[in-house]
1. Show the residue pairs that are 6+ apart or on different chains and have beta-carbon atoms under 8 Å apart, the first residue being within region B:64-78 and in contact (Cβ under 8 Å) with a residue 40 or more places away in the chain and within 10 Å of chain A (Cβ to nearest Cβ), the second being assigned to a helix (DSSP H, G or I) and of a type in the set (S, T, N, Q).
2. Please determine, by comparing only the residues of region A:191-213 that are crowded, with 17+ Cβ neighbours inside 10 Å and part of a helix (DSSP H, G or I), which one is farthest from the chain's Cα centre (by Cα).
3. Name every residue in region A:132-190 that is under 30 Å from A:Ile19 (Cβ atoms), assigned to a helix (DSSP H, G or I) and touching a Gly at 6+ places or on another chain (Cβ under 7 Å), in order of residue number.
4. Which residue out of B:Glu10, B:Glu50, B:Glu57 is more than 26 Å from A:Tyr156 (Cα to Cα) and within 14 Å of chain A (Cβ to nearest Cβ)?
5. A:Gly149 passes all but one of (1) at pLDDT 95 or above; (2) more than 9 Å from chain B (Cβ to nearest Cβ); (3) farther than 18 Å from B:Lys155 by Cβ; which number fails?
6. Out of region B:41-60, which residues are surrounded by fewer than 17 Cβ atoms within 10 Å (Cβ to Cβ) and β-branched (Val, Ile, Thr)?
7. Out of (1) surrounded by 19 or more Cβ atoms within 10 Å (Cβ to Cβ); (2) away from chain B (no Cβ under 11 Å); (3) more than 26 Å from A:Leu13 (Cβ to Cβ); (4) in contact with an Asp or Glu (Cβ under 7 Å, 6 or more places away or on another chain), the odd one out for A:Arg134 is which?
8. If we scan region A:150-162, do we find a residue that is farther than 30 Å from A:Gly182 by Cβ and surrounded by fewer than 23 Cβ atoms within 10 Å (Cβ to Cβ)?
Number of protein chains: 2
Amino acid sequence: MHRTKVRIVEGVLDANDTIARANRADFDDAGVTVVNLMSAPGAGKTSLLERTVRNLEGIRIGVLEGDVQGSLDADRLASLHVPVTQINTDPGFGGECHLDANMVRSAIPSIPLEELDLLVIENVGNLVCPAEFRVGEHHRVMISSVTEGEDKPLKYPLMFRACELVLVNKIDLVPHLDFDLGKLLANVEAVHPGMPTALVSARTGEGVEEWRRWLVQAVGRVAQPA
Amino acid sequence: MHRTKVRIVEGVLDANDTIARANRADFDDAGVTVVNLMSAPGAGKTSLLERTVRNLEGIRIGVLEGDVQGSLDADRLASLHVPVTQINTDPGFGGECHLDANMVRSAIPSIPLEELDLLVIENVGNLVCPAEFRVGEHHRVMISSVTEGEDKPLKYPLMFRACELVLVNKIDLVPHLDFDLGKLLANVEAVHPGMPTALVSARTGEGVEEWRRWLVQAVGRVAQPA
């Protein structure tokens, strides 16, 4: 029973990886760098993107929004004149708690790839399953909000291991919390040694320039189309 | 393909409900009231329980801890001399993002039901899947932290509909946020008309007495064993 379940899960993830590779090929052909942005609900993915989309040194950014239901985040970003495509994960089910490669594949025809240099995929707010499903991205970045406490790397290690950058958001709230930033960073280091972190506040703008520079460099690192 | 997936999911949920009913029967036989406590990661489930377990008017409380990995929360509660049983959802998989009835069933032999009046099940931090899986509980309660923003009821409506009480936690942080409490409460009302809410702060203790009274009454409402 247990072995069977493991085999089924492995099969699902294998099938997902095959579709993710096809997505990646499409993104590479179009010369678009893709960042999969993940976090718990309410950690500030959309707020940080609202801060980020301006002054990107001429880089043309688009967003693919993953939500169980609704288009609240997409509407917020569209109001900043960013091309936004919405995926809702709820049809035919109680709602998927993550994006998978097939959902992104279905959305690709609606994304104006030829007009973009950078596509940020805002995943469903969840620290578990999004880390298990590659969607064809080049980079995986997560946000960990200081209000979530210091222990999240130890409780959700796969997410912290799957990403290559942790944005520690809501840093402006630290004076109002019983929160030890050194302990959070030590826990990040414990589960993913050497992982870069950046302290940011989507509210005050602190650290956003560093994150913007990271994105600009990420676009530079991906080969442009022939 | 789509129909097949829906049928498989319905089958999984049907099987889950069957096991949940068996759990419920065991809880009823033991005269234990069971509350399934759900929230996003870092919303303060454990911190609130730490505040709650004292002064429960003689009610004997135990906790069943659901985590992907580790026993950090269980250790915190055990240090308060509360009987705690740990479920880890990660064996044989990348980690389940929710508790299901079968996981709880496997844990029941380790729970000292005869010594308890109230069992709080602290679910995995996630606003999607925990709402889909009943585990045999009598009551479902969720925590929505003010730091998560006002829009969560609209983005995760199933969770807000599945519960019968919303604890709005971290209320002490409102002065430091761009947050409209009235808007959050209106969004709760929009997706689940009439749903009771309580403002609490696990940090300052504000509102915890009201939550404690709710638990005491919940224990009173469930019939005691013959």
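The values are calculated or read from the model by the stated rules, or taken from the named source; none is laboratory data. Quick caveat: nothing in here was measured; it's all calculated off a predicted structure. Cβ coordinates were reconstructed from backbone atoms using ideal geometry, including for glycine residues, and neighbour counts include every protein chain displayed.
1. Matching pairs, first to second residue: B:Asp73/B:Thr46.
2. The residue in question is A:Val191.
3. Within region A:132-190, A:Glu132, A:Lys152, A:Lys155, A:Leu158 qualify.
4. Selected residue: B:Glu10, the only one of B:Glu10, B:Glu50, B:Glu57 that is more than 26 Å from A:Tyr156 (Cα to Cα) and within 14 Å of chain A (Cβ to nearest Cβ).
5. (2)
6. none
7. Tallying (1) surrounded by 19 or more Cβ atoms within 10 Å (Cβ to Cβ); (2) away from chain B (no Cβ under 11 Å); (3) more than 26 Å from A:Leu13 (Cβ to Cβ); (4) in contact with an Asp or Glu (Cβ under 7 Å, 6 or more places away or on another chain), A:Arg134 fails exactly one: (3).
8. Scanning region A:150-162 turns up no residue that is farther than 30 Å from A:Gly182 by Cβ and surrounded by fewer than 23 Cβ atoms within 10 Å (Cβ to Cβ).
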